[in-house]
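Here is the structure we will look at.
Every number here is computed from the coordinates shown, using simple stated rules; none is lab data. Everything numeric here is computed off the predicted structure, so don't read it as measured data. No Cβ is skipped: glycine too gets one built from the backbone with ideal geometry, and neighbour counts run over all protein chains shown.
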Amino acid sequence: MKIVVGLGNVGEKYLKTRHNCGFLALDEFTKQLELEGTEVSWKNESKLDAEIAKVNYEGEKILLVKPTTFMNLSGEAVSKILNFYKEEKTNLIVIYDDIDLPLGKIRVREKGSAGTHNGMKSIIQCLGSEDFNRIRIGIESRGELAPKQQDLADFVLGNFIKAEYPLISEALKQSIEELKKLL
């Protein structure tokens, strides 16, 4: 079984923030699956610190995961999920925002460091490994649309501005195309 984890923060306050790109990508994947006739039902699994949905995609069992631990403790939920389902890191795919990529750019990697991303730092620390697939969605913290000087936490926890919506909407769709290739 593949385990696809979207990183984000729970709650209405964070729903459409830059840091919730992982959650937004899973929402896009859910929307696409439902348009194709697959019913997707999310449920809160408090013992796993996550909202999960079990789906089939092209004959493959997939577990969609949104950690409820908040971003900086994402590794706790991911570790619990892998242990509970007795899955290897090779079956893990993590989707998350990346301030160091241009807005809307997608980058897929089989392994690597966490960079400046605290959610990824937590996952790597809890798993004791950097060897798992990840899909990074660029949110460009100091690019064309972002202010040159800013507080990074305020930026990632802020909502996208109107000019960013077309780019991020397309990026979410592209991230799901990359996800489908990995699946």
Item to check | Potential lengthening between Thr116 and Lys162 on full extension [0.36 nm per residue; Cα-Cα distance subtracted] | outcome: 14.0 nm
Checklist outcome for this item: Across all Cα atoms of segment 53-183, Rg and the largest Cα-Cα distance (Dmax), in Å, are 15.3, 48
Next on the checklist: Quick check: net charge around Asp49, other residues with Cβ under 15 Å of its Cβ, Lys/Arg +1 and Asp/Glu -1?
Outcome noted: +1
Item to check | Inter-site label distance for Lys54 and Leu152 at 7 Å from Cα along Cβ, in nm | outcome: 3.9
Next on the checklist: Averaged across orientations, what area in nm² does the convex hull of the alpha carbons in segment 1-93 project?
Outcome noted: 5.9
Checklist entry - Relative to the longest principal Cα axis of the chain, at what angle does helix 74-85 sit, 0 to 90 degrees, rounded to 10? => result 20
Next on the checklist: Residue by residue through segment 49-60, what is 3J(HN,Hα) from phi via Karplus (6.51 cos²θ - 1.76 cosθ + 1.60, θ = phi - 60°)? Round to whole Hz and write x for glycine and proline.
Outcome noted: 6, 7, 8, 10, 9, 9, 9, 10, 10, 6, x, 9
Checklist entry - FRET efficiency for Gln125 and Glu12, Cβ-Cβ distance as r, R0 = 25 Å, nearest 0.05? => result 0.30
Checklist entry - Can you tell which of Asp131, Asp151, Asp100 shows the greatest fluctuation in a Gaussian network model of the chain with Cα springs below 10 Å? => result Asp151
Checklist entry - Of the cross-linked pairs Lys16/Lys86; Lys111/Lys181; Lys2/Lys66; Lys66/Lys89; Lys47/Lys173, which ones have a Cα-Cα span greater than 26 Å in the structure shown? => result Lys16/Lys86; Lys47/Lys173
Checklist entry - Which parts of segment 104-144 would a label at Thr90 reach, counting a residue when its backbone N lies under 15 Å from a point 7 Å out along Cα-to-Cβ? => result 110-111, 131-133
Checklist outcome for this item: Computed ³J(HN,Hα) along segment 63-68: with the Karplus parameters 6.51/-1.76/1.60, θ = phi - 60°, integer Hz and x for glycine or proline, the list is 10, 8, 9, 10, x, 9
Item to check | Bridge type composition, segment 2-182 - antiparallel percent by DSSP, nearest 5 | outcome: 55
Checklist outcome for this item: Connecting every pair of Cα atoms under 10 Å apart in the chain and solving the GNM, the largest mean-square fluctuation among Glu170, Glu28, Glu36 falls on Glu36
